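Q: What follows is a structure written as structure tokens; I'll ask about it next.
The values are calculated or read from the model by the stated rules, or taken from the named source; none is laboratory data. From a predicted model like this one, the values you see are computed outputs, not experimental measurements. When we count neighbours, we look across all protein chains shown, and the Cβ atoms used for this are built from the backbone with ideal geometry, even at glycine.
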């Protein structure tokens, strides 16, 4: 039972910013077991994002509601995927040899292409969430499945 609890805690700690008070002591075996709980973490994030969208969509116009929903989404995930997106953009849009691209992607600093890619991705996501809020009666359902 403790192994499952530690695996679930590891999944929540890795994929989200939900406060989980546990120090499971990371190991390759624990990370392998934690993968089973990724859908649970995704469902928790999706539920929070959908609830946030429902509340803000009820109170505010579509675009402000979409931006607040996106802030919540990024906040819950800690921007985990955005970091990888920016690293990839920095490396791939540098048009350098393969070895240099990998070096750029491993660099902890963000370059101009990474920032530009992040801004454009967030604008796209905000516009899609706004379109859902404006155009669909049950827009919360797709947001549940989002993460």
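Q: Scanning the range 128-143 for residues that are surrounded by fewer than 17 Cβ atoms within 10 Å (Cβ to Cβ) and assigned to a helix (DSSP H, G or I), which turns out modelled with the lowest pLDDT? Lay out the reasoning, then the answer.
A: Residues of the range 128-143 that are surrounded by fewer than 17 Cβ atoms within 10 Å (Cβ to Cβ), as a first pass: 128, 131, 134-138, 141-142.
From the residues that got through so far, the ones that are assigned to a helix (DSSP H, G or I) too are 128, 131, 134-135, 141-142.
Values: 128: 93, 131: 94, 134: 91, 135: 86, 141: 82, 142: 86.
Ranking the qualifying residues of the range 128-143, first place goes to 141.
Q: Among the residues of the range 67-102, how many are surrounded by fewer than 14 Cβ atoms within 10 Å (Cβ to Cβ) and more than 28 Å from residue 20 (Cα to Cα)?
A: Total satisfying the criteria: 7.
Q: Among (1) modelled with pLDDT of 95 or more; (2) more than 21 Å from the chain's Cα centre (by Cα), which single condition is residue 99 missing?
A: Evaluating residue 99 over (1) modelled with pLDDT of 95 or more; (2) more than 21 Å from the chain's Cα centre (by Cα) leaves (1) as the failure.
Yes or no, residue by residue, for (1) at negative phi; (2) in contact with a helix residue (DSSP H, G or I) (Cβ under 6 Å, 6 or more places away or on another chain); (3) modelled with pLDDT of 95 or more; (4) surrounded by 12 or more Cβ atoms within 10 Å (Cβ to Cβ):
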position	(1), (2), (3), (4)
19	yes, no, no, no
25	no, no, no, no
29	yes, no, no, no
38	yes, yes, yes, yes
41	yes, yes, yes, yes
44	yes, no, yes, yes
56	yes, yes, yes, yes
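Q: Can you find a residue that is surrounded by 14 or more Cβ atoms within 10 Å (Cβ to Cβ) and free of Cβ contacts under 8 Å to residues at least 12 places away in the same chain anywhere in the range 103-121? If you could, list the steps in order and put the result at the bottom.
A: At the first step, the residues of the range 103-121 found to be surrounded by 14 or more Cβ atoms within 10 Å (Cβ to Cβ) are 104-105, 110-111, 113-114, 116-118, 121.
Then keep just the ones that are free of Cβ contacts under 8 Å to residues at least 12 places away in the same chain; that gives none.
Within the range 103-121, not a single residue is surrounded by 14 or more Cβ atoms within 10 Å (Cβ to Cβ) and free of Cβ contacts under 8 Å to residues at least 12 places away in the same chain.
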